[in-house]
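Report on the structure given below.
The values are calculated or read from the model by the stated rules, or taken from the named source; none is laboratory data. What you are looking at is a predicted structure, and each value in this text was computed from that prediction instead of being measured. Glycine also receives a Cβ, built like all others from the backbone with ideal geometry; neighbour counts cover every protein chain displayed. Just the protein is used for accessible areas: all its heavy atoms, side chains included, with ligands, DNA and RNA removed. Shrake-Rupley method; radii C 1.70, N 1.55, O 1.52, S 1.80 Å.
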Amino acid sequence: MTVGIQVRNLYDLSLANQSFLAEGWYWLNWGDDVQAVLERLKIEPSEIVEFSNEIEPGSYRVSEVLPENVQFRPDAPHSVYVKFSGRFYINDVAQRLAPFDQQHLDIALEVKPSGLSEGRNRIALIPAPVAQAPIAGEFTSVSGFNLVSTGWTRQKVRTYQPLSTQGGEGLPAVDYSRATAIFTYAPAPFTVFLKWMLPLFAVMGIVILAPSIDGDLGDVRLAIPSAALLTLVVMHDSYKTNFPPAPYLTYLDEIYTYCYIVCFTIFLLFLVGTNAHNRSSDNDRETITKTVNRLDLIVQVSAVSGFLIVASVGWFS
């Protein structure tokens, strides 16, 4: 059985909720041998497949069988053409290089009746070639992302269920055919830079330049890394709310972690320097100032070098 789909509108993408909305059309095309099985099992063409990753169907599902006939092969005169809309689940939100990861949005069509997945009645869903039947329609662009590719995958999904008519010991296994349309989106680099990286660079730039302030201004120096640390916490939390929880550190998590360490290190540096200035005598103050300035320069260079190392290792690892 040939299956095709065209998504006209893909919108309301929420990586945090692992879902998106889509609407368009799907169609099935089959020959007389499959039609005989459908008539014998009394299965309506609109009930052959279902969306296996659809969520909240009671709130979002709309399905309408259209009168158009679709025929991909000369030996397949039977077809069904269905207009649909629904909310779909994203099983795996890529976050290793977040927020730079490509995201794969799937719409999975799976054979629904168990009678069409058993024995000689088993039906296999064969995706129509994308070149012949494009799956991306007019409004599949997503704000902040670029659609880089579309394609199909096929799977055989094994389900154990007591309602199967197959025999055997224990719960019988039924192999359902599944065809999944995949939309691959890549984040727009300039959008990612403006939203996530530029604010981080601005805050850390101020922190790294802070040791250039004269060591005598201890109170001013101490206020900068502590204020920056609070700002980083708020920015990091804002970033995390845009993604589901991950059991590992993402790329941006690693960078934020390093920035926390830099802020705390510079705060300790300022604390030691301020105490040294306040406790030194007039004769020793010039020597202490030179020592503190030298340490400030070492920390500044080390912080920039460390950032480049962390950013590079995190990206390529």
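Can you find a residue in segment 73-83 that is part of a loop (DSSP other than H, G, I, E, B), touching a Phe, Trp or Tyr at 6+ places or on another chain (Cβ under 7 Å) and under 19 Å from Thr2 (Cβ atoms)? First the steps, then the outcome.
Just the residues of segment 73-83 that are part of a loop (DSSP other than H, G, I, E, B), to begin with: 73-77.
Filter once more, keeping what is touching a Phe, Trp or Tyr at 6+ places or on another chain (Cβ under 7 Å): 76.
With the extra rule that they be under 19 Å from Thr2 (Cβ atoms), the set shrinks to 76.
Yes: segment 73-83 contains one or more residues that are part of a loop (DSSP other than H, G, I, E, B), touching a Phe, Trp or Tyr at 6+ places or on another chain (Cβ under 7 Å) and under 19 Å from Thr2 (Cβ atoms).
Test of understanding: among Tyr185, Tyr176, which residue is modelled with pLDDT of 95 or more and within 30 Å of Thr2 (Cβ to Cβ)?
Tyr185
Find all pairs meeting these conditions: Cβ atoms under 8 angstrom apart; at least six residues apart or on different chains; first residue within segment 165-184 and at negative phi and among the acidic types (Asp, Glu); second residue at pLDDT 70 or above and surrounded by 15 or more Cβ atoms within 10 Å (Cβ to Cβ).
Every condition considered, the pairs that remain are Asp175/Ser117; Asp175/Arg122.
Being in contact with a Gly (Cβ under 7 Å, 6 or more places away or on another chain), under 22 Å from Ser19 (Cβ atoms) and open to solvent by less than 90 Å² (accessible area, probe 1.4 Å): is that true of Gly137 here?
yes
Counting only residues that are under 19 Å from Leu125 (Cβ atoms) and β-branched (Val, Ile, Thr), which one in segment 66-100 is most open to solvent (accessible area, probe 1.4 Å)?
Taking the candidates together, the pick is Val70.
Among the residues in segment 298-312, are any aromatic (Phe, Trp, Tyr), part of a helix (DSSP H, G or I) and out of contact with any helix residue (DSSP H, G or I) (no Cβ under 6 Å at 6 or more places or on another chain)?
First, the residues of segment 298-312 that are aromatic (Phe, Trp, Tyr): 307.
Narrowing further to those that are part of a helix (DSSP H, G or I): 307.
This time we only want the ones that are out of contact with any helix residue (DSSP H, G or I) (no Cβ under 6 Å at 6 or more places or on another chain), so: 307.
So far as segment 298-312 goes, yes, one or more of its residues are aromatic (Phe, Trp, Tyr), part of a helix (DSSP H, G or I) and out of contact with any helix residue (DSSP H, G or I) (no Cβ under 6 Å at 6 or more places or on another chain).
Asp214 is checked against (1) part of a helix (DSSP H, G or I); (2) more than 42 Å from the chain's Cα centre (by Cα); (3) acidic (Asp, Glu) and fails just one. What number does that condition carry?
For Asp214, the exception is condition (1).
Do we find that Val7 is closer than 18 Å to Thr153 by Cβ, surrounded by 16 or more Cβ atoms within 10 Å (Cβ to Cβ) and touching a Leu at 6+ places or on another chain (Cβ under 8 Å) in this structure? Give the derivation first.
Values: closer than 18 Å to Thr153 by Cβ: yes; surrounded by 16 or more Cβ atoms within 10 Å (Cβ to Cβ): yes; touching a Leu at 6+ places or on another chain (Cβ under 8 Å): no.
When the stated conditions are applied, Val7 does not pass them.
Find the residue count for segment 94-125, including only residues that are assigned to a strand (DSSP E or B) and closer than 20 Å to Phe84 by Cα.
Taking segment 94-125 as the starting set, the residues that turn out to be assigned to a strand (DSSP E or B) are 103-111.
Next, from what is left, pick out any that are closer than 20 Å to Phe84 by Cα: 105-111.
The total comes to 7.
Kindly indicate which of Gly218, Gly168, Gly205 is open to solvent by less than 40 Å² (accessible area, probe 1.4 Å) and at pLDDT below 90. Walk me through how you get there before you give the answer.
Numbers: Gly168 fails: open to solvent by less than 40 Å² (accessible area, probe 1.4 Å); Gly205 fails: at pLDDT below 90.
Gly218 is the lone residue from the list that is open to solvent by less than 40 Å² (accessible area, probe 1.4 Å) and at pLDDT below 90.
I'd like the full set of residues that are open to solvent by less than 40 Å² (accessible area, probe 1.4 Å) and more than 24 Å from the chain's Cα centre (by Cα), limited to segment 10-34.
Tyr26, Trp27, Leu28, Asn29, Trp30, Gly31, Val34
Quick one: which residue in Asp253, Asp284 is in a helix (DSSP H, G or I), of a type in the set (D, E, K, R) and buried (at least 16 other Cβ atoms within 10 Å of the Cβ)?
Values: Asp284 fails: buried (at least 16 other Cβ atoms within 10 Å of the Cβ).
Only one candidate passes the filter, namely Asp253.
Considering only residues that are among the hydrophobic types (A, V, I, L, M, F, W, C), surrounded by 13 or more Cβ atoms within 10 Å (Cβ to Cβ) and in a helix (DSSP H, G or I), which ones fall in segment 35-59?
Those that are among the hydrophobic types (A, V, I, L, M, F, W, C), surrounded by 13 or more Cβ atoms within 10 Å (Cβ to Cβ) and in a helix (DSSP H, G or I): Val37, Leu38.
Would you please name the residue that is most open to solvent (accessible area, probe 1.4 Å), looking only at residues in segment 103-134 that are over 30 Å from Asn17 (Cα atoms) and among the charged types (D, E, K, R)?
Step by step, filter segment 103-134, then rank; the result is Arg120.
With the condition kept exactly as written, say whether any residue in segment 259-275 is closer than 30 Å to Asn146 by Cα and open to solvent by less than 80 Å² (accessible area, probe 1.4 Å).
yes
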